[in-house]
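In what follows, a single structure is set out as structure tokens and then discussed.
The values are calculated or read from the model by the stated rules, or taken from the named source; none is laboratory data. Just so we're clear, the structure is a prediction, and the values are computed from it rather than from any experiment. Please note: Cβ atoms are built from the backbone with ideal geometry, for glycine as well, and neighbour counts cover all protein chains shown.
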Amino acid sequence: MNKTRILKIIIGLSLISMYTVLIITITYYLLVTTTPPMTVFIMEDFLLFFSVAYIISFFIINWDARSQLIRVKLHLYEISALISTVLIFIPLPEFISGNFWVFVIIYSLISGIISFAIKYVTFKIIKVERFSEITTLKPSRNLLEVKVLRVHYPLLGGILKRRIGAVKAVDGVTFDVNIGETVGLVGESGCGKTTIAKAILGLVDITNGKILFQDKPIPPDYSSYLRQKIQMIFQDPDASLNPRKKVVDIIAEPLKNLLAISDKIKLRKRVLALLEQVSLKREHMDRYPHEFSGGQKQRIVIARALACNPELIILDEPTSALDVSVQAQILNLLKDLQGTYGYGFLFITHNLAVVSHVADRVAVMYLGKFVEVGSKEQIFSNPTHPYTRALLASRSEINPYNQDISFVIKGEVPSPIAPPPGCTYNPRCTSEFRTKECELNIPHKIEIEEGHFIWCNNPPSSTPSKV
């Protein structure tokens, strides 16, 4: 049993016993005697001053932005209030105890001093300064591990709003992201890529499966520590930047809320250092978002994501709204930052050229499931699944002498509410190995080579057997 749990039990038992004695005493007074016992007056005074001290400690402990790093604030309120309330029974000079308002003022000051002292000791114990230090990650462990993740959105119908079905946005995917590694998620719109990101961030409830961060399950109530260590860069920088705030305030917000840096000079220095990391200058600090170009806005979003020393950064189409030259700048910037600090990236995109530039491993999704997983070289040099081959064949190439579209995937993506039986890709599959079995059996996992897997019923005859 840890110290925090023991402290909770002691405080809980103390409060329960105090209220129990008060209730028994008042009940005895009401039912047995007409003369109130002295215990009633003592307990009434105790509860009154405990409540006052609790309110004072609440405001003082929460006054500093660093208080957001304290996970047991409720216990600090109770400890401060209990200590302050016990002190009211210490004999005081007559001019203090005889004057009600003087006594209240003195008692409030004592409660405030005790709250400040407890807060100071707590900050020294947890060492809040270590949260604001920039750390470099060492590639020695898994950063993120997703196991058989399923996210199904229920469909409700009828007068009673009963569940009549589900949208299987993500249906049993497994992957991991290591420190200093970039994993690319590719696939058509609606295949579940962004839903995976939302599930990792705790923005949607998972139906089944596990999500581990640093070998520990991510709890449903996302803690401030996880909000600090897992950051996201969104597709549209205009929608993710507050137009009413200056850049310095936008980047300083996570510094104040998650790293508890409250000194204005330190904030500006830290913001300036972050802007310089993303190739922006001092004069950009006091401008508003509308005064920047698209590439500069995305740099600001990246700086904000880096502000609180993350370990995992989820990038959802971070370059799709940018022109080609700016895309290259942003991608090179991300690779440089990853090489310096060892961040893990989960890169979600439609652009296969971008994936080939930044990713170490690639996972190809179709209708909520992975169809092929492997290293960048394996996916682009030896694509095996028919859907992966179709995606690569659909890439547009710059050729002034041939402007025809070389390949188009036929048909529409099936509905995730009622996916086709067997292999979900079978209605659109053009593989020569496609058989009736594809319409009946769920695809099985096949190892092509070390680290390279596909999910298929009838792969090319040269591929190894299923695993």
Taking PHE116, is it surrounded by 14 or more Cβ atoms within 10 Å (Cβ to Cβ), modelled with pLDDT of 75 or more and under 40 Å from the mean Cα position of the chain (by Cα)? yes
Residue list for region 219-234, filter: part of a loop (DSSP other than H, G, I, E, B) and among the hydroxyl-bearing types (Ser, Thr, Tyr): TYR222, SER223
Quick one: count up the residues across region 322-337 that are outside any helix (DSSP H, G or I) and surrounded by fewer than 18 Cβ atoms within 10 Å (Cβ to Cβ). 1
Taking the stated definitions as given, is ASP316 of a type in the set (D, E, K, R) and without any contact (Cβ under 8 Å) to a residue 40 or more places away in the chain? no
Residue list for region 228-239, filter: buried (at least 17 other Cβ atoms within 10 Å of the Cβ) and either modelled with pLDDT of 90 or more or out of contact with any Gly (no Cβ under 8 Å at 6 or more places or on another chain) (or both): GLN228, LYS229, ILE230, GLN231, MET232, ILE233, PHE234, GLN235
Could you list, in sequence order, all residues of region 193-218 that are assigned to a strand (DSSP E or B) and under 13 Å from ASP171 (Cα atoms)? ASN208, GLY209, LYS210
Filter pass, PHE123 being surrounded by 18 or more Cβ atoms within 10 Å (Cβ to Cβ), at pLDDT below 75 and assigned to a helix (DSSP H, G or I): no
Scan region 288-321 residue by residue and report those that are part of a loop (DSSP other than H, G, I, E, B), within 20 Å of the chain's Cα centre (by Cα) and not hydrophobic (A, V, I, L, M, F, W, C). ASN309, PRO310, GLU311, GLU317, PRO318
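Rundown of residues vs (1) touching a residue at least 24 places away in the same chain (Cβ under 8 Å); (2) over 23 Å from GLU188 (Cα atoms), yes/no style:
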| site | (1), (2) |
| --- | --- |
| PRO421 | no, no |
| SER431 | yes, no |
| LYS436 | no, yes |
| HIS444 | no, no |
Please work out which residue is modelled with the highest pLDDT, limiting yourself to region 423-467 and to residues that are assigned to a loop (DSSP other than H, G, I, E, B) and basic (Lys, Arg). ARG428
Output the qualifying pairs, or none if there are none: Cβ atoms under 9 angstrom, residues six or more apart or on different chains, first residue in region 260-280 and under 14 Å from VAL301 (Cβ atoms), second residue among the hydroxyl-bearing types (Ser, Thr, Tyr) and assigned to a helix (DSSP H, G or I). GLN277/THR340
Candidates ASN208, ASN242, ASN178 - the one that is modelled with pLDDT of 90 or more and buried (at least 17 other Cβ atoms within 10 Å of the Cβ): ASN178
Counted residues in region 181-192 being at pLDDT 90 or above and of a type in the set (D, E, K, R) come to 1
Quick check on region 338-360: of everything there that is out of contact with any strand residue (DSSP E or B) (no Cβ under 9 Å at 6 or more places or on another chain) and more than 24 Å from CYS308 (Cβ to Cβ), which residue is surrounded by the fewest Cβ atoms within 10 Å (Cβ to Cβ)? ALA353
Answer residue from region 213-227, given it is within 12 Å of the chain's Cα centre (by Cα) and surrounded by 13 or more Cβ atoms within 10 Å (Cβ to Cβ) and is nearest to HIS152 (Cα to Cα) among those: ILE218
First in region 152-171 and more than 21 Å from LEU203 (Cα to Cα) and among the charged types (D, E, K, R), second anywhere and modelled with pLDDT of 85 or more and surrounded by 10 or more Cβ atoms within 10 Å (Cβ to Cβ), Cβ under 9 Å, 6 or more apart: ARG162/LEU156; ARG163/PRO154; ARG163/LEU155; ARG163/LEU156
